Amino acid sequence: MDIVPGPAQAVAICLSVALPLLLFVVARATNVRGAGRTFRIGVGLATASFVLACLFLPGERHFDDVLAGALLLATGILLSYVFWSLLAWGFTLTLLTSLVQAGRPMTSDEWATAYMRGGNLGTFARNRLKLLLGSGMVASSDGRLVATAKGTMVAGVVRLIRFVTGLGHAP
Amino acid sequence: MMSFVWGAIGIIAFIVVAPAMQWMARRTARPLSPTIVLAIAAVLSHVASTILGAMTVPQFQYWNAASVFSFGVMSYVFAFGAVYKSVSLEILLDVTERPGRESSLAEVVEHRIPDVFLGRTKILVESGLAEHIGPTFAPTAAGRKLAGRITRLRRLFAIGDTGLYDFSD
């Protein structure tokens with residue numbers, strides 16, 4: 001068994017490990033605002049570095065080395081995104097930080113208000129709904145929400161994934 | 001190329017083993033977290049497919065197999081994470097389950113979201129990060145420690161702490 005990574009694979013592993021550092025640099029050293037935009041720029045830099053390394057590293061390139069390198073980098077990006085999205089948009093974690101920041105025990109209603117910085121859960125609901133409305137999965141008019149054909153299809157896929165991954169019943 | 005094939009066999013093993021383990025984990029007296037179950041399933045299927053690959057392929061390239069396996073498993077974990085606790089998808093599922101596949105905004109705001117909120121507070125209490133003190137909630141020592149880490153990481157990466165999507169982003 002050969003356990004030494006090829007040159008492109010080694011670059012991909014290093015870039016995957018360095019991705020949090022890249023994100024830190026993008027967040028700190030630039031005027032970029034917004035967690036999503038920061039992540040996209042970090043991923044763009046990592047991907048561009050990988051392509052440049054494949055083009056300019058000395059020695060012959062092998063297809064399997066480059067393919068495996070690309071898959072390893074994609075894995076690193078997906079893994080980073082899972083943690084990044086929890087950090088930036090995680091509902092449960094933000095509930096916890098708001099409870100700690102309040103500095104005193106709170107009732108359920110007070111906790112919801114603290115979570116929304118004085119607002120209410122309606123603001124949160126509208127924020128999450130914007131994602132569904134913006135992506136065309138739900139249409140809204142006169143206070144009614146209607147699942148579009150796209151939304152119904154996505155819901156079917158979600159139920160299927162829940163079933164296949166052991167999280168839900170048969171769709 | 002056979003090393004890539006063994007990576008793909010590892011993914012198939014993971015896809016078969018992971019749901020079965022989730023099913024078994026839910027039936028034990030002290031159910032493991034679904035994320036931990038996924039991690040155990042990934043390690044088992046990777047070790048098994050790597051050993052079998054090394055035994056059957058004369059020039060087994062570990063990183064070729066690992067790249068296919070890790071990408072497949074991460075894609076699975078990504079899809080799993082999206083459907084496991086996404087609030088937006090919970091709203092979408094709720095709307096599609098109603099007659100005519102429609103609901104009112106008031107229903108979502110006044111019932112669905114408070115239900116999700118209560119569900120998440122329950123998770124925090126059950127996982128020992130928050131506790132009930134009479135009618136109120138307070139963080140435990142473990143909860144304060146985790147919240148401190150999250151806050152430091154958010155500051156480090158200049159991430160806001162509202163947990164809301166920034167649509168100008």
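The values are calculated or read from the model by the stated rules, or taken from the named source; none is laboratory data. Since this is a predicted model, take the numbers as computed values, not measurements. Cβ sites come from the backbone with ideal geometry, for glycine too, and all protein chains shown count toward neighbours. Only protein heavy atoms, including side chains, enter the accessible area calculation; ligands, DNA and RNA are left aside. Shrake-Rupley method; radii C 1.70, N 1.55, O 1.52, S 1.80 Å.
Go through B:I36, B:I11 for me and flag whichever is without any contact (Cβ under 8 Å) to a residue 40 or more places away in the chain and either surrounded by fewer than 15 Cβ atoms within 10 Å (Cβ to Cβ) or of a type in the set (A, V, I, L, M, F, W, C) (or both).
The match here is B:I36.
Name every residue in segment B:71-87 that is in contact (Cβ under 8 Å) with a residue 24 or more places away in the chain and either surrounded by fewer than 18 Cβ atoms within 10 Å (Cβ to Cβ) or among the acidic types (D, E) (or both), in order of residue number.
B:Y84
In segment A:39-87, which residue that is β-branched (V, I, T) and within 7 Å of chain B (Cβ to nearest Cβ) is most open to solvent (accessible area, probe 1.4 Å)?
The residue in question is A:V82.
Results for (1) more than 7 Å from chain A (Cβ to nearest Cβ); (2) on the phi > 0 side of the Ramachandran plot; (3) open to solvent by 30 Å² or more (accessible area, probe 1.4 Å); (4) assigned to a helix (DSSP H, G or I), shown as yes or no for each residue.
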site	(1), (2), (3), (4)
B:T50	yes, no, no, yes
B:G53	yes, no, no, yes
B:F69	yes, no, no, yes
B:L89	no, no, no, yes
B:V95	no, no, no, yes
B:H111	yes, no, yes, yes
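Pairs please, first residue from segment A:1-22 and under 27 Å from A:R37 (Cα atoms), second anywhere and among the β-branched types (V, I, T) and open to solvent by less than 30 Å² (accessible area, probe 1.4 Å), Cβ atoms under 9 Å, 6+ apart in sequence or on different chains.
Final answer for the pair search is A:A12/A:T75; A:S16/A:T75; A:L19/A:V43; A:L22/A:V43.
Just checking, which of A:G103, A:G59, A:G34, A:G76 is on the phi > 0 side of the Ramachandran plot and in contact (Cβ under 8 Å) with a residue 24 or more places away in the chain?
Answer to the check: A:G59.
Could you tell me which residue of segment B:144-158 is most open to solvent (accessible area, probe 1.4 Å), considering only residues that are of a type in the set (A, V, I, L, M, F, W, C) and within 21 Å of the chain's Cα centre (by Cα)?
Restricting to residues being of a type in the set (A, V, I, L, M, F, W, C) and within 21 Å of the chain's Cα centre (by Cα), the top hit is B:L153.
Only one of these is crowded, with 16+ Cβ neighbours inside 10 Å and closer than 24 Å to B:V116 by Cβ: A:A102, A:A27. Name it.
A:A102
Name the residue, out of B:S75, B:S45, that is at pLDDT 95 or above and part of a helix (DSSP H, G or I).
B:S45
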